[in-house]
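Everything below concerns the one structure shown next.
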Amino acid sequence: MSFVEELRWRGMLQDIMPGTEDLLNKEKVSGYIGFDPTGDSLHVGHLTQIMTLIHFQNAGHKPVALVGGATGMIGDPSFKSAERNLLDEATLQYNVTSLKTQLAKFLHFGDADNDAKMVNNYDWFKDFKFLDFIRDVGKLITVNYMMAKDSVKKRLEGDNGLSFTEFTYQLIQGYDFYYLWKHHNCKVQMGGSDQWGNIVTGSEIIRRQDQGTAYAITTQLIKKADGQKFGKTESGAVWLDPKKTSPYKFYQFWLNTTDDDAKNWVKIFTLKTKEEIDAIIAEHDVAPHTRAVQKALAKDITIRTHSEKDYETAVKTSEFLFGNGSLEFLAELDHDSVLEVFDGVPQFEINRDQLTPGINVLDFLASHTQVFPSKGEARKMLQGGGVAINKEKINDIELTIDTTHLINDRYIVAQRGKKNYFLVIVT
């Protein structure tokens, strides 16, 4: 299956410049996508473009990932409501390095013809003087042409206007395409559909400057079935960096998708074949409560973004919090990871010196912690079988809690009822 056919059946393709599909079918081509380094991590909103490059490489072409060290200093105004804060050079360079590391998890980099390549547009812009740029590049594109772009019109019609700095962005991105076409034989630029105007500007610069021909492909912007923006949660963006979004929360993001979204996203964000996906959807439709599509989606993307071990830990965490899973997996986690598992769960601290001689279970639950507001309530629920320590139900009001109950020599997990967990940390 060709690259364009792959995008088409997966529901990713938006626009394609005439001649692009023929070019890709008759020769191996270098093509690029730009990534904005205004943060030190990519997020799930970038995954569509990462997947595009993966399919491009799998089809035998050479993917080029451009990290915009120069354009990141300006900020792309495309369909943004306001100008973004500009970052200093040191911060941008740190971000560029971080993004390179993340992209290397998805693409095979190297020196072979089909290996991915990383470039940074700061390398060719750092010594490009302003007067030279407006003389050599600015003359190629008219203001009328630039003003006609939908992204520019939208900003001019809004309350915040458009600064000259942002207005020039499409010239700079356009020159990126020209530079890569000229020096790296990049004949195709790809991106989200909001980048179509900037991409076409690049092909126009190539035509006017060197009478050359370049091509373009854009992918659909991903939205939820209800029209909401993809990749956002109540707590913000879902990052690929495990320090910003834990593998467990990353896994849960995909696992909690609706049936309609999961059926679309399993095509876009996994490498499963059409036959595999059809089989998964058929299995799901027979028993929707098993969430077969969500599980397949969450497993595939969590393993490729993080690791198989992170995926297994995420599953065990989910089974523990929402099912009958054991606590054994906590022994494999460091302190920060344990806290991540119990994020949002009430936590209490208790001194080791208090715990060593032993504490009566009622005092432990109601005095040393606030699992229960009173010993009376603790006694009543305990005798009714509604209390567990480390997932083990207890009903002995004379039980002594001591250091033998510690997990990792540091934690005790108390449970009130079926779903109310409490983490006790020994200090």
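The values are calculated or read from the model by the stated rules, or taken from the named source; none is laboratory data. Because the structure is predicted, anything quoted here is derived from the model rather than measured. Please note: Cβ atoms are built from the backbone with ideal geometry, for glycine as well, and neighbour counts cover all protein chains shown. The accessibility values were calculated without ligands, DNA or RNA, using every heavy atom of the protein model including side chains. Shrake-Rupley method; radii C 1.70, N 1.55, O 1.52, S 1.80 Å.
Per-structure values
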read-out: Solvent exposure, largest accessible area first (probe 1.4 Å, DNA, RNA and ligands not counted), of Lys187, Lys139; value: Lys139, Lys187
read-out: Rg to Rh quotient for the range 291-427, alpha carbon positions, Kirkwood Rh; value: 1.03
read-out: Relative contact order of the chain, defined on C-alpha pairs under 8 angstrom at six or more residues apart (%); value: 14
read-out: Read-out Cα extents along the principal axes in Å, derived from the coordinates shown; its label in [x] 88, 48, 44; [y] 66, 49, 35; [z] 79, 45, 42; value: [x]
read-out: Kirkwood Rh (inverse of mean 1/r, distinct Cα pairs), the range 213-284, angstrom; value: 14.2
read-out: Fluctuation leader among Trp196, Trp124, Trp254 - the chain, Gaussian network, Cα springs under 10 angstrom; value: Trp124
read-out: Summed residue charge, Cβ within 13 Å of Thr219's Cβ, Lys/Arg positive, Asp/Glu negative; value: +1
read-out: Candidates Ser193, Ser367, Ser337, ranked by Gaussian network fluctuation over the chain, Cα under 10 Å, top entry; value: Ser367
read-out: Among Ile350, Leu180, Phe109 the positive-end extreme of the charge dipole of the chain (Cβ point charges); value: Leu180
read-out: Residues Glu312 and Ile397, FRET efficiency given R0 of 30 Å [Cβ-Cβ distance, rounded to 0.05]; value: 0.20
read-out: Accessible area per residue, Å², the chain with all protein chains present, probe 1.4 Å; value: 48
read-out: Spatially close lysines, pair count over the range 304-427: Cα under 17 Å, gap of eight or more or interchain; value: 8
read-out: Residue of Ile394, Ile303, Ile206 that the Gaussian network model of the chain assigns the largest fluctuation, springs spanning Cα pairs under 10 Å; value: Ile394
read-out: Between 0 and 90°, nearest 10: helix 308-322 axis offset from the chain longest Cα axis; value: 50
read-out: Gained length - Ser163 relative to Leu221, 0.36 nm times residue gap less alpha-carbon distance; value: 18.3 nm
read-out: Protein accessible area in the chain, 1.4 Å probe - carbon and sulfur %; value: 48
read-out: Rounded tilt (10° steps) of 292-305 against the dominant C-alpha axis of the chain; value: 70
read-out: Kirkwood Rh and Cα Rg combined as Rg over Rh, evaluated for the range 347-426; value: 0.91
